[in-house]
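**Q** The following block contains the structure, expressed as structure tokens.
The values are calculated or read from the model by the stated rules, or taken from the named source; none is laboratory data. Treat the numbers as computed from the prediction; the structure is a model and nothing was measured. Reconstructed Cβ throughout: ideal geometry from the backbone, glycine too, with neighbour counts over all protein chains shown.
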Amino acid sequence: MNSLIVDIRPADENDAFQIAEVHAAAWQNAYAGIIPHASLRRMIARRHGEWWRRAIRRNTSVMVVDLGGSIAGYCTYGLNRAHALSQEGEIYELYIRPEYQGIGVGTRLFRAAKNSLRDHGCKGLVIWALEDNTIAAQFYTGLGGHDIAQGFETFEGRRLRKVAYVWN
């Protein structure tokens with residue numbers, strides 16, 4: 001019998017290129033048909049392996065799901081950037097490769113980031129997601145998040161609503 005070890009851990013520089021691959025696959029899967037094509041392609045291209053390597057070197061909080069040496073997902077997190085909200089922590093991004101979605105690794109990654117923020121003294125958590133990203137909306141509400149605020153992002157003149165999911 002073979003066993004696969006699931007390790008959720010801080011990212012290191014050696015993970016950078018695999019994180020870039022996860023980013024590209026997950027963003028294409030999540031946002032194709034929502035974010036205009038040219039904008040989406042630019043956003044994906046900007047987050048290449050060297051971009052991630054620099055982010056990790058700068059001590060950006062990046063956590064990965066490592067499945068036997070393959071990166072299946074990542075999240076970035078830190079202090080809440082929306083000062084109008086009382087939650088102190090924020091998960092900026094949480095993405096899983098499409099082929100690994102639905103098997104629980106996203107939930108484990110979410111909980112690990114949430115616990116890390118709590119351990120660093122943050123009270124409450126916020127995550128923003130585009131309203132039209134129904135997979136994210138279902139995921140966050142399934143984890144107990146409450147939609148309490150809205151904002152907008154504009155891509156190529158197209159205004160998209162985003163919602164804030166919070167945990168206190």
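**Q** Checking ARG41 against (1) among the charged types (D, E, K, R); (2) assigned to a strand (DSSP E or B); (3) exposed (fewer than 15 other Cβ atoms within 10 Å of the Cβ), only one condition comes out false. Which one?
**A** Checking ARG41 against (1) among the charged types (D, E, K, R); (2) assigned to a strand (DSSP E or B); (3) exposed (fewer than 15 other Cβ atoms within 10 Å of the Cβ), the one that fails is (2).
**Q** When segment 41-78 is examined, which residues are found to be without any contact (Cβ under 8 Å) to a residue 24 or more places away in the chain and of a type outside the set (Gly, Ala, Ser)?
**A** Selection gives ARG41, ARG42, MET43, ILE44, ARG46, ARG54, ARG58, ASN59, THR60, THR76.
**Q** Continuing with this model, one more query. On the given criteria, is LEU117 surrounded by 17 or more Cβ atoms within 10 Å (Cβ to Cβ), over 24 Å from LEU40 (Cβ atoms) and in contact with a helix residue (DSSP H, G or I) (Cβ under 6 Å, 6 or more places away or on another chain)?
**A** For LEU117, the condition - surrounded by 17 or more Cβ atoms within 10 Å (Cβ to Cβ), over 24 Å from LEU40 (Cβ atoms) and in contact with a helix residue (DSSP H, G or I) (Cβ under 6 Å, 6 or more places away or on another chain) - is not met.
**Q** Okay, next question. Would you pick out the residues in segment 5-59 that are polar (S, T, N, Q) and either touching a Gly at 6+ places or on another chain (Cβ under 8 Å) or within 15 Å of TYR95 (Cα to Cα) (or both)?
**A** Correct list: GLN18, GLN28, ASN29.
**Q** Tell me which residues, restricted to segment 121-168, are without any contact (Cβ under 8 Å) to a residue 12 or more places away in the chain and not aromatic (Phe, Trp, Tyr).
**A** THR134, GLN138, GLY142, THR154, GLY157, ARG159
**Q** Which of the residues belonging to segment 120-168 are surrounded by fewer than 15 Cβ atoms within 10 Å (Cβ to Cβ) and charged (D, E, K, R)?
**A** The answer is LYS123, ASP147, GLU153, GLU156, ARG158, ARG159, ARG161.
**Q** Could you look through segment 113-122, keep only residues that are in a helix (DSSP H, G or I) and closer than 19 Å to HIS146 by Cα, and pick out the one that is nearest to the chain's Cα centre (by Cα)?
**A** Checked segment 113-122; the qualifying residue nearest to the chain's Cα centre (by Cα) is ALA113.
**Q** Within segment 128-146, does at least one residue satisfy the condition of being closer than 22 Å to ASN14 by Cα, outside any loop (DSSP other than H, G, I, E, B) and either hydroxyl-bearing (Ser, Thr, Tyr) or at pLDDT below 95 (or both)? Write out each step before concluding.
**A** Narrowing segment 128-146 to residues closer than 22 Å to ASN14 by Cα: none.
No, segment 128-146 has no match at all.
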